[in-house]
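Notes for the one structure printed next.
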Amino acid sequence: MEKLNNSIDRSWIDKCNKPLIISGPCSAENEQQILETAKRLNPSYVQVFRAGIWKPRTKPNNFEGIGKKGLEWLHKVKKNTGLMVATEVANAEHVKLAISFEIDVLWIGARSTASPFTIQEIADALEGENNKIILVKNPIHPDIELWMGALERLLGKGIRKLGVIHRGFYTYKNSKYRNQPNWNLLCNFRRILPRIPIICDPSHICGNKEGILDIAKKAYHFQYEGLMIESHCDPDHAWSDAQQQITPEKLLEMLKELTYIKKCYTKSKRDLNSFRILIDELDENIIALLAERMNISKKLGVLKKSSNIAIYQPTRLKNIMDKSINLGKNLGISEELLKGVFKLLHEESIKIQNQIR
Ligand code: PEP
Ligand code: MN
């Protein structure tokens, strides 16, 4: 991993005004939408214009991207505004076309990162293209090895201008996020590859407009080096991800607020906050698990009632306690804490089940 880390070429991000801001619509729809959105983005804050041309959609029969002609519009943006331009690639043909239209930044989407065949195909097609910046989004599920594997495949073909994008992870349980962020996993990622530029994509994490600023602030506390935020000249009528896109003017407001908070934080305050974010993330998970536990306990209560089984089962309580204390021992959790927690949980279960009676 040290070799991988040392091979990363950071020149593209080091020379940028940090943080690097990538913005533009989820999808290119027509030339006017692309040119107008780009024109309304403030170039003192935004360095890269993004637009998806080929859209990986979870379900069929949705808008799957405008295709090649969108690359001409991106090329116009590059010529008219001087912004760098970015699009998503998912196969060798996409790579070839994007290169022929002088696209500066290619990103690999979450669904593609999850497929080693796709990544290898993209890496092969990129061989010799040493000036392209390639950003690899996290795979849909939190598999750090798979994500690193994608970087290794690209480096194996001499692609060194690399970065990663944290866009959150699929989660089955109820979550307030479209894709659950995992700050802790990203901290581990950085520990393994300290030189890799990390960019945060609050739009795909939130799935709505309201949460974007909060996630962008969190990314700031973890010293991410850039943000990718979807913007659209007419978000309510966007052909994809309408709920999460904001106007270029709203984006500017947010970026100004972020610049302001940057002035308010010392390094130690920032570190303190990043630990608190990690704790809050775990607390959210604990609460979601408690809710699930209580739900099952309720169902068990109904069953006990219909089968005429006593609510309180002393051997069951003893089993739960013993098992938990044992598990905790290996993880460095004190017996006292676990006894207290499981006593409370058990009492709550009994209470719930008594209410059913
Ligand atoms: C996108 O950036 O529009 C996109 C499709 O992202 P992801 O791969 O994160 O879903
Ligand atoms: Mn999108």
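The values are calculated or read from the model by the stated rules, or taken from the named source; none is laboratory data. The shown structure was predicted, so the numbers you read here are calculated from the model rather than taken from an experiment. Cβ coordinates were reconstructed from backbone atoms using ideal geometry, including for glycine residues, and neighbour counts include every protein chain displayed. Ligands, DNA and RNA are stripped out before the accessible areas are found, and what is left, the full protein with its side chains, is counted by its heavy atoms. Shrake-Rupley method; radii C 1.70, N 1.55, O 1.52, S 1.80 Å.
I want to make sure I understand the PRE zone here: with the label point 7 angstrom from the Cα of D143 toward its beta carbon, which residues in segment 172-187 have backbone N atoms less than 18 Å away?
Correct set: 172, 180, 182, 185-186.
Work the Kirkwood hydrodynamic radius out for segment 179-285: mean of 1/r over every pair of different alpha-carbon atoms, inverted, in Å. Mind dumping the intermediate values first?
Working: mean 1/r = 0.0677 Å⁻¹.
Hydrodynamic radius (Kirkwood, Cα pairs) of segment 179-285 is 14.8 Å.
What whole number of Å gives the distance from the Cα centroid of segment 175-232 to the Cα centroid of segment 25-97?
Here the answer is 21 Å between Cα centres.
Tell me, what % of the accessible area of the chain is carbon and sulfur with a 1.4 angstrom probe? Mind dumping the intermediate values first?
On the way: 9850 of 18190 Å².
The C+S portion of the solvent-accessible surface of the chain is 54 percent.
Evaluate E = 1/(1 + (r/R0)^6) for N42 and E152, where r is the Cβ-Cβ distance and R0 equals 45 Å; express this FRET efficiency to the nearest 0.05.
Details: r = 37 Å, r/R0 = 0.82.
Rounded to the nearest 0.05, the efficiency is 0.75.
What does the extension gain come out to for E127 and L185, with contour length at 0.36 nm per residue minus their alpha carbon separation? Mind showing how you got there, number by number?
Numbers: separation 58, 0.36 × 58 = 20.88 nm, distance 2.96 nm.
So the extension gain works out to 17.9 nm.
Assigning unit charges at the beta carbon (Lys, Arg +1; Asp, Glu -1) and nothing else, what dipole magnitude in debye, to the nearest 20, does the chain show about its Cα centre?
On the way: 54 positive and 41 negative charges, 212 e Å.
It comes to approximately 1020 debye.
To check you understand DSSP bridge types, tell me what percent of the beta bridges within the chain (both residues inside) are antiparallel, rounded to 5. Display every interim value, and only then the final one.
Working: 1 of 29 bridges.
Antiparallel: roughly 5 percent of the beta bridges in the chain.
Would you please give the FRET efficiency between K351 and E102, computed as 1/(1 + (r/R0)^6) with r the Cβ-Cβ distance and R0 = 56 Å, to the nearest 0.05?
On the way: r = 66 Å, r/R0 = 1.19.
According to the calculation, E is roughly 0.25.
Return the loop-located GluC sites (Glu not before Pro) in segment 1-69 (DSSP other than H, G, I, E, B) with at most 14 other Cβ atoms within 10 Å of their own Cβ; answer none if there are none.
Here the GluC sites (Glu not before Pro) that fit, given the DSSP loop and packing criteria, are E64.
Where does the Debye-calculated log10 I(q)/I(0) of segment 133-238 sit at q = 0.18, 0.22 Å⁻¹, using only Cα point scatterers of equal weight, no solvent?
The Cα Debye sum returns log10 ratios of -0.89, -1.22.
Return the calculated 222 nm mean residue ellipticity for the chain, to the nearest 500 deg cm²/dmol, obtained by summing -39500 (n - 2.57) across DSSP H runs with n ≥ 4 and dividing by the residue count.
Rounded to the nearest 500, it is -17000 deg cm²/dmol.
Under 8 Å for C-alpha pairs, at least 6 residues apart: give me the relative contact order for the chain, rounded to a whole percent.
Details: 561 pairs, mean separation 53.3, N = 357.
Relative CO of the chain lands at 15 percent.
For the chain, would you read off the P(r) tail past 35 Å as a percentage of all alpha carbon pairs?
33
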